[in-house]
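Below is one structure, written out as structure tokens; comments come after it.
The numbers here are math on the coordinates, done by the rules we state, and not lab data. Since the structure is predicted, the reported quantities are computational estimates derived from the model, not experimental observations. Please note: Cβ atoms are built from the backbone with ideal geometry, for glycine as well, and neighbour counts cover all protein chains shown.
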Amino acid sequence: MSGNGPSNVAYERQGDFAVVIDLDCSACTGTTTVTAPGRMSPLGEASAPLRGSFLMDVFQDAPVNQMLIVKAEGPWTVTLQSWNDLPYVSGPQSGTGPAVLFFSDDVAHVTVDYAPAGTDDSFSGRVFTVSDNTQAFGDSEAFSEVFDADLPGIMAIQTNGTWTVTPTP
């Protein structure tokens, strides 16, 4: 799907699996926001350009008919896929901004190194595993910490800052 400027993107969730939203707003200007109706905070918001992945519909009882709201100045594209279709990653992963990663490593922890993009930035990590032992963690200041993760599984990262996630025994 693609658009130019603000738009609502309607879609049907297929099955009981979470949806990964990949947004490419690299030609946008101003502030770009990705959200959904009824959310108290956006999935992501940053000064353009913004390119990143976001996780929606993680609950099995989420309605089939969904909507994504893109608030942007300029052309953008959105790709939707099941989290089951993400490519596996292994070992340390680094990036800037929001991401959704499917770790294949079989470990109990992750080490996260984070540096905020600015004073208003924060890091939020959520890990969804086959053991249903969901973990959530984060901070609004730079950190390097070890967190429980029980991988393999999906890790959703929400930030505008830089990060490295290292699977750790």
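Inspect all residues belonging to region 87-108 and state whether any of them is of a type in the set (Ser, Thr, Tyr), under 13 Å from the mean Cα position of the chain (by Cα) and surrounded by 14 or more Cβ atoms within 10 Å (Cβ to Cβ).
Step one: list which residues in region 87-108 are of a type in the set (Ser, Thr, Tyr), which gives 88, 90, 94, 96, 104.
Now drop any that are not under 13 Å from the mean Cα position of the chain (by Cα), which leaves 96.
If we keep only those that are surrounded by 14 or more Cβ atoms within 10 Å (Cβ to Cβ) as well, we get 96.
Yes - at least one qualifying residue is present in region 87-108.
Counting residues that are touching a residue at least 12 places away in the same chain (Cβ under 8 Å), among the β-branched types (Val, Ile, Thr) and under 27 Å from Tyr11 (Cα atoms), which strands (runs of 3 or more DSSP E) fully inside region 75-169 reach at least 2?
Details: elements: 75-82, 93-96, 99-103, 109-115, 123-129, 135-139, 143-148, 153-158, 162-168.
Counting at least 2 such residues, we get 75-82, 123-129, 153-158.
In region 59-99, what residues are closer than 21 Å to Met1 by Cα and of a type in the set (Ser, Thr, Tyr)?
Thr77, Thr79, Ser82
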- Quick one: count up the residues across region 52-74 that are outside any loop (DSSP other than H, G, I, E, B) and surrounded by 19 or more Cβ atoms within 10 Å (Cβ to Cβ). 8
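Conditions tested, residue by residue: (1) surrounded by fewer than 16 Cβ atoms within 10 Å (Cβ to Cβ); (2) under 16 Å from Thr79 (Cβ atoms); (3) not aromatic (Phe, Trp, Tyr).
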{"position": "Asn8", "(1), (2), (3)": "yes, no, yes"}
{"position": "Ala18", "(1), (2), (3)": "no, yes, yes"}
{"position": "Thr31", "(1), (2), (3)": "yes, no, yes"}
{"position": "Val34", "(1), (2), (3)": "no, yes, yes"}
{"position": "Pro42", "(1), (2), (3)": "no, no, yes"}
{"position": "Ala46", "(1), (2), (3)": "no, no, yes"}
